[in-house]
Amino acid sequence: MVASSSSPLVAYSTDGSLIGIHHSDSSSNSKNGLIRCYDGNISNGSLKFTLRFPLHSNQNNSNLPDGLPSLSSSDKANNNNNSLRKLIFASSNNKPTYLCGMTNNNNTILLFNIERGVLSSTINISSANNSNKKKKRKSSLSTSAGNEILVDVIASSSDDNSLYALVYFPTNDTDSSSSNNVGGKCRLYQYTLTDNEEPTLVKKIKVGSVNSEGGGKLVFGLGISKSNIVVRLNNQLRVVDLGSGDKLCKLELPSNGVINNGEESEDGGTSFVPLAVTNDGRYIVASSSGGGGNQAVVLSYANQDAKHSLTSLAMLSTKEEASISNFDITQLKNDDELAIVAFQSKIGTSSLFNISTSNDDDNTDSSTPTLPKATLQTNELDKHLSLIGSTFNPRKPTNSLTLLFNMGKKHVGAGSAGTGTNLPMESLTVNDSKLEGNVLVGTSLSTVDEKGYKKMEVK
């Protein structure tokens, strides 16, 4: 998940048993970063264990070319140390084994062994290019050696215990017609995570080139299913077979402001944006803006001959800062409908969509954006309660939506979410007829009523 400077990073294990919470700590005297893991099997998750890792001085953008900041300007201001910018669980035999943290230094992944409760190893993607075989092999990436940039990471949803890192190699093309052009090549690094052993680099998969004329921001993203992995390179999606690494097809995102090169400020972009794929790999949801944005598009991919956009999604909030930080997507039981939840962390709002797939074979694009079936938010009058995460319950994704809350000061990363012994949670029924329009959530947790008056405590 891509978190804003005012919201913690949240990770959900694929079996729903664990929820990880990480707050960025910008205090200069902080020596350790903390990740608290909570029980996801109960309505108010109890703290199960805490993971710690050393913090270092910030070297965020030491190897970034112009036009590719790893964090937005607000994130840079709130990350004065080597904290995390993405957090995911990696599973083995349908049981969470590792918690993986992508750091701000652009080339390092931290691996926490959950069973041992320790930082067990570190993956440095730059070291993957120092083998003797690579020195002997002529490579098109040789001119960029030592300048690799880790732009996204994702774990396999199957039981093969694989971790995939998307690595960008900037190209220094002196013959370019414009000095403002930004571009390079991308590869997927596949690592196998084995208990009590160092992670092993299995293969490198070429996924193509990415370019942005005029010095615009480069946008990346990863989504994964049981059979394929989807890679976003600016306004194009590449579908890659998980087993063979073969490139299956390219999907073009609709040209309705996908990448807005001319209006982005120099420090206003992000290096990766949210992307989600259904378990069978057939449907994809991606943001339709370079900076995350508050619009999205749903695409269908069945095979190389059937690929098109189903519909576009429009969040009710059109504020520029209300970018989408996370997606979750599931197929409902009747198989002709999708449920999608889009979370906007900076404003603490989740939007729930129901999308029909009955026109999947029409191969036509919808020109009318789909509005959410329900917009979920906490009581604006309660200054101490905010929504920090939403996902379909992995154990029953077709009918249950799990919401996570912060009981500290609203929209402040140093609040009490993930810092206490319990994580406030709530479950909603996806097909509930009352789940329509603007819906207040967390009402049982709120300290004030709908008029803003303090609730009476029940003794």
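Laboratory data are not the source of any read-out in this text; all were calculated from the coordinates shown. Being a predicted model, the structure only gives us computed values, none of them experimental. With ideal geometry, Cβ positions are generated from the backbone for all residues, glycine too; neighbour counts draw on all protein chains shown.
Listed values, structure above:
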item	result
FRET efficiency, 1/(1 + (r/R0)^6) with R0 30 Å, evaluated for Lys434 and Asn334 via beta carbons	0.90
Positive minus negative residues near Phe169 (Lys, Arg vs Asp, Glu; Cβ under 9 Å)	+1
Members of Lys333/Lys383; Lys86/Lys226; Lys206/Lys346; Lys48/Lys454 lying beyond 29 Å, as alpha-carbon distances in this model show	Lys333/Lys383; Lys206/Lys346; Lys48/Lys454
